């Protein structure tokens, strides 16, 4: 494969994999630390919020920085910062100085750095890969990250079983430091933007300009809404509902892992399938995949057995990636190089920022004793209506080859 002869892509790819593997080890380890050492299960929700909320907020501003600074340098600094945070956690372990306040503070900083890096990583790919290889590069890259999210928790479990939290956090720190070394600017050699110094006013002006650019560009606007629909109406409700549905049928932790594993396998397989798709009219393909995603999720809402839930979750994850990956590539190709960081940050917000909204809506309504299947079916119906409206109003996107 020609991509593997591209050293800049190779270093970026390896950096992304080691960073994701380190993050997934950290995520499982800190979750188990909260329950097993701090003995505060309720704190886990606060930690999840502490990571995700700053991450989502910084994704918005991260695109501005990605357009203003050399992307590889920004990634190097953020990865290095995350490695330092992991080293601090290792130090806390050996000093036996864990506390809820410190863990939450570290989680907030970790989320900020991760939100800063994501738009830079997404917008880096078009500058290091030829246009004709961009779809394959995105598929290979995203598929590998999905695989790391599968391997990471398993590896963390082994490290915690055979070793300690110090070993697990130490492994996470090592992997993240390696990811920083692999993304060093001298290895990636991407373009250094020729822009003036950045002020607070400039950040807000650039952000508004990026939003206006996306909204007045039909392809970018439709692509963003496509990703928003599958995340708000499918992925968010799917992730939130899995433990609820398992509990409703008196399932076990193993049953939970089967369904979550099915979802991960579906996204992973789809990511690599895109590598081999040729001569596909991507605009129409995305909309077909969007409606099939809603169809697969509808099937998920209608089953109750663990094996069928795993199968339909896998189908839903598979179809979501068939919407996501071609859409990201189209948006990268259609974006002005000077604005691609902001475009990717807005796309990232549509991909990750809307899931917590689905979590909040479902949590509130489940607390009011509304049946989960009824809620999921409502999400399918609303998603279908939004999908049809988007299809009707997205002629330019539909015609994108």
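When 102, 150 are checked against the criterion of being touching a helix residue (DSSP H, G or I) at 6+ places or on another chain (Cβ under 8 Å), free of Cβ contacts under 8 Å to residues at least 40 places away in the same chain and surrounded by fewer than 21 Cβ atoms within 10 Å (Cβ to Cβ), 102 stands alone in meeting it.
Pick from region 341-365 the residues that are over 18 Å from the mean Cα position of the chain (by Cα) and touching a residue at least 40 places away in the same chain (Cβ under 8 Å): which of them is surrounded by the most Cβ atoms within 10 Å (Cβ to Cβ)? Only one residue tops the list, namely 362. Taking the listed residues 388, 392, 370, the one that is under 19 Å from residue 324 (Cα atoms), without any contact (Cβ under 8 Å) to a residue 60 or more places away in the chain and surrounded by fewer than 18 Cβ atoms within 10 Å (Cβ to Cβ) is 388, with no other qualifying. A residue that is touching a residue at least 12 places away in the same chain (Cβ under 8 Å), crowded, with 20+ Cβ neighbours inside 10 Å, within 21 Å of the chain's Cα centre (by Cα) and under 29 Å from residue 128 (Cα atoms) occurs somewhere in region 24-33. Applying the criterion of at least 2 residues that are more than 30 Å from residue 292 (Cα to Cα) and over 20 Å from the mean Cα position of the chain (by Cα) to the helices (runs of 4 or more DSSP H) found wholly in region 120-239 leaves 134-162, 165-182, 185-188, 200-216.
Residues are listed down the side, and each one gets a yes or a no for (1) buried (at least 16 other Cβ atoms within 10 Å of the Cβ); (2) in contact with a strand residue (DSSP E or B) (Cβ under 8 Å, 6 or more places away or on another chain); (3) modelled with pLDDT under 80; (4) more than 23 Å from residue 190 (Cα to Cα):
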position: 36; (1), (2), (3), (4): no, no, yes, yes
position: 48; (1), (2), (3), (4): yes, no, yes, yes
position: 51; (1), (2), (3), (4): yes, no, yes, yes
position: 64; (1), (2), (3), (4): yes, no, yes, no
position: 73; (1), (2), (3), (4): yes, no, no, no
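Kindly evaluate residue 379 against the criterion of being within 20 Å of residue 126 (Cα to Cα), in a helix (DSSP H, G or I), in contact with a helix residue (DSSP H, G or I) (Cβ under 8 Å, 6 or more places away or on another chain) and in contact (Cβ under 8 Å) with a residue 60 or more places away in the chain. Spelling it out, it is not the case that residue 379 is within 20 Å of residue 126 (Cα to Cα), in a helix (DSSP H, G or I), in contact with a helix residue (DSSP H, G or I) (Cβ under 8 Å, 6 or more places away or on another chain) and in contact (Cβ under 8 Å) with a residue 60 or more places away in the chain.
Does residue 274 meet the test of being within 26 Å of residue 219 (Cα to Cα), assigned to a helix (DSSP H, G or I) and at pLDDT below 90? Judged against the criteria, residue 274 is a match.
The values are calculated or read from the model by the stated rules, or taken from the named source; none is laboratory data. All values derive from a computational prediction rather than experimental measurement. Cβ sites come from the backbone with ideal geometry, for glycine too, and all protein chains shown count toward neighbours.
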